[in-house]
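The values are calculated or read from the model by the stated rules, or taken from the named source; none is laboratory data. In this text, all values refer to a predicted model and were calculated from it rather than measured experimentally. Don't worry about glycine lacking a Cβ; one is built from the backbone with ideal geometry, like all the others, and counts go over all protein chains shown. Ligands, DNA and RNA are excluded from the accessible area calculation, which covers all protein heavy atoms including side chains. Shrake-Rupley method; radii C 1.70, N 1.55, O 1.52, S 1.80 Å.
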Amino acid sequence: QVQLVESGGGLVQPGGSLRLSCAASRRFSSEVIAWFRQAPGEERTFVAGIRWSADSAWYGDLAKGRFTIARDIAKNTVYLHMYNLQPEDTAVYYCATTTGDIVYTPGKQYDTWGQGTQVTVSS
């Protein structure tokens, strides 16, 4: 089973940017890789997902216009570029994967998760 490791979180001021990374322990092939986030006391929310083989992306409403998901085939890594971050973006961000070519938004459809990386947006 593939293992996922997220990195790139941290403290950033409002309006700032971060790039999160999701590195896989083996080469992706026909998977969907997605980013979710969860703030304290809130439900886990879909942020963005990408079909690895087709390099096609989907975004949740919270991400449209500010976040970009991208893949690096050589590094078996999926990135989440986040721009114009606001305090409400503060959360633990997780990457997850499932086989197939449907970018599901419910987290229960994903069978492998990383440990998460904390993003805090504060002045």
FRET efficiency, 1/(1 + (r/R0)^6) with R0 25 Å, evaluated for E42 and T68 via beta carbons: 0.60
Note down the relative contact order for segment 80-121 as a percent, whole number, built from C-alpha pairs under 8 angstrom at least six residues apart. 55
For segment 38-95, alpha-carbon Rg over 2.2 N^0.38 Å: 1.18
Using a 1.4 Å probe, what is the accessible area per residue for the chain, in Å²? 51
For a paramagnetic label modelled at 7 Å from the Cα of S29 toward its Cβ, which residues of segment 45-87 fall within the zone defined by backbone nitrogen distances under 15 Å? 52-54
Quick check on the chain: what are the equivalent-ellipsoid semi-axes from the Cα gyration tensor, as sqrt(5λ), descending, whole Å? 22, 14, 13
Whole-number percent relative contact order across the chain, with pairs defined as alpha carbons under 8 Å at least 6 apart: 37
Sorted by accessible area (1.4 Å probe), largest first, how do S123, S56, S7 line up? S123, S7, S56
Spin-label pair A54/T120, simplified geometry with 7 Å Cα→Cβ offset, distance in nm: 4.0
Give the longest segment of the chain that steers clear of GluC sites (Glu not before Pro) in DSSP loops with at most 14 neighbouring Cβ atoms within 10 Å, not counting the sites themselves. 44-123
Tell me the carbon and sulfur percent of the accessible area for the chain, rounded to whole percent, probe radius 1.4 Å. 46
Rounded, prolate or oblate: which fits segment 1-54, taking a ≥ b ≥ c as square roots of the Cα gyration tensor eigenvalues, rounded meaning a/c under 1.5, else prolate when a/b beats b/c? prolate
